[in-house]
1. Scanning for something of a type in the set (A, V, I, L, M), out of contact with any strand residue (DSSP E or B) (no Cβ under 7 Å at 6 or more places or on another chain) and within 22 Å of E172 (Cα to Cα), does the range 44-56 turn up at least one residue?
2. Looking only at residues in the range 62-76 that are in contact with a strand residue (DSSP E or B) (Cβ under 8 Å, 6 or more places away or on another chain) and over 13 Å from A171 (Cβ atoms), which one is nearest to ligand 4 (Cβ to nearest atom)?
3. Can you name every residue in the range 32-67 that is open to solvent by 60 Å² or more (accessible area, probe 1.4 Å) and charged (D, E, K, R)?
4. In the list D244, D221, which residue meets the criterion of being surrounded by 21 or more Cβ atoms within 10 Å (Cβ to Cβ) and within 25 Å of T147 (Cβ to Cβ)?
5. Which numbered condition trips up L193, out of (1) at pLDDT 95 or above; (2) open to solvent by less than 40 Å² (accessible area, probe 1.4 Å)?
6. Quickly run through the range 37-63 and pick out the residues that are within 16 Å of ligand 1 (Cβ to nearest atom) and β-branched (V, I, T).
7. Residue check, D39 against (1) more than 21 Å from E214 (Cβ to Cβ); (2) within 16 Å of ligand 4 (Cβ to nearest atom); (3) out of contact with any Gly (no Cβ under 8 Å at 6 or more places or on another chain), all met but one. Which one?
8. Please verify whether A166 is modelled with pLDDT under 95, closer than 19 Å to R101 by Cβ and either open to solvent by less than 10 Å² (accessible area, probe 1.4 Å) or within 16 Å of ligand 3 (Cβ to nearest atom) (or both), treating the condition exactly as stated.
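The values are calculated or read from the model by the stated rules, or taken from the named source; none is laboratory data. Because the structure is predicted, anything quoted here is derived from the model rather than measured. Glycine gets a Cβ as well: all are built from the backbone with ideal geometry, and neighbour counts include every protein chain shown. We work out accessible area using only protein heavy atoms, side chains counted, and drop any ligands, DNA or RNA first. Shrake-Rupley method; radii C 1.70, N 1.55, O 1.52, S 1.80 Å.
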Amino acid sequence: MTIDLHTHTTASDGTLTPAELVHAALRDGVDVIAITDHDTVAGIAPALAAAAGTDLRVLAGVELAATHGRHGLHLLAYGIDPADGTLAARLHTLAALREERVRDMLELLRGLGVAVRWEQVAALARGTVGRPHVAQALVEAGYARDTGDAFARYIGNGSPAYLPSARLTVAEAVGLARDAGGAVALAHPLLSLSRRELVALLPALRRAGLTGLEVYHSEHDAAAVRYLRELAAEQGLWWTGGSDFHGAAKPNVRLGGVAVPSEVLAQGPFQRAMSE
Ligand code: AMP
Ligand code: ZN
Ligand code: FE
Ligand code: FE
C-alpha cells in the first residue's frame, strides 16, 4: 500500500491543481493521500470531488506555520473537518497575513535594489502566497538563476529579505485544529531543529497540545527516521509521514516517493479519518 500524508497543491505553493494531484496519485498507484497545503484547506474539496468513485482515499490536512520562541515550526493537522466554518475564517486571516508578509519581503528586496512588484508575485500564486512564488518572480525578473539561487541569496531562512510567516503560537495552532476535530504533529522535525533542540523543546510542545511527530519525509534519511520512530514510541506520540510533494516546485520529490508503513493509518487522527 502506498501512502503519502504530506502533499501540496496550487491551493498553496504546489504546482498541480487538486484534481491533477488526484490523477497523478491514481496514475502512480498511490492508495492514500492527505492534502496538507500551507494555511489553507481550499484544495481538499476539489480533490475529494476528483477522487469520488475511484480507489484513491483523500484525507484532509493542513500545514500550519507557527512560532515557538525563536523557532519557526511547521505543524501538520489531520482529522480536521475541511468544511468547518470557524477553521475557514481563521485560515482566511492567516492567508491575509501571508500576503502582508510577502509584501514586506518585497519592501526588503527593494532596499537591496531588487525591484519585484506584488502584482508579479500575485500572478504566480493561485492560492495562499509563499516564498516559492517570490522565488519564481525573482527568476522571471532576472534577479536569480533559478529558485534555489533566489532562496540562497535573498529569501531563504536567515537571508537578507527573509521574514518568517508564522503568526500563530503552537498552542493557537493546536486549538485551531482541535476546534475543527483534528490533532497536530510536528512536521519534518529535523529540518527546523537539531536532535538536541527537538528533545529540549518537546515537553513545552506537548504542553501546548502537540500529540504527533512526522517521522517519514523526503528530507529525513534512514538514521533520522529510525531516531524519530523511537522518539515517538518513547514519548507516546502518534507518527506520520509523506513526501512533502510540491510538483515542479520541488522536482526531486516524487508523489508517494517516501515509504510510509501502512500501520500509520491505525493510529492518531488517521484511525477515525479512515473509518469515516
Ligand atoms: P513559506 O511557507 O512561504 O515560508 O515557504 C516555505 C516553502 O518554501 C517550503 O514549503 C518549500 O516549498 C520552499 N522552500 C523553503 N526553503 C527553500 C529552499 N532553500 N529552496 C527551495 N525551496 C524552499
Ligand atoms: Zn511549501
Ligand atoms: Fe513544511
Ligand atoms: Fe509541506
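1. No, the range 44-56 has no match at all.
2. Initial filter on the range 62-76 (in contact with a strand residue (DSSP E or B) (Cβ under 8 Å, 6 or more places away or on another chain)): 62-68, 72-76.
Filter again for over 13 Å from A171 (Cβ atoms), leaving 62-63, 65, 72, 74, 76.
On the way: V62: 10, E63: 5, A65: 10, G72: 13, H74: 6, L76: 8 Å.
Of everything passing the filter in the range 62-76, E63 is nearest to ligand 4 (Cβ to nearest atom).
3. D55, R57
4. Values: D221 fails: surrounded by 21 or more Cβ atoms within 10 Å (Cβ to Cβ).
Only one candidate passes the filter, namely D244.
5. (1)
6. Taking the range 37-63 and keeping what is within 16 Å of ligand 1 (Cβ to nearest atom), we get 37-43, 61-63.
Matches in the range 37-63: T40, V41, V62.
7. (1)
8. On the way: modelled with pLDDT under 95: yes; closer than 19 Å to R101 by Cβ: yes; either open to solvent by less than 10 Å² (accessible area, probe 1.4 Å) or within 16 Å of ligand 3 (Cβ to nearest atom) (or both): yes.
Considered against the rule, which asks whether it is modelled with pLDDT under 95, closer than 19 Å to R101 by Cβ and either open to solvent by less than 10 Å² (accessible area, probe 1.4 Å) or within 16 Å of ligand 3 (Cβ to nearest atom) (or both), A166 comes out as yes.
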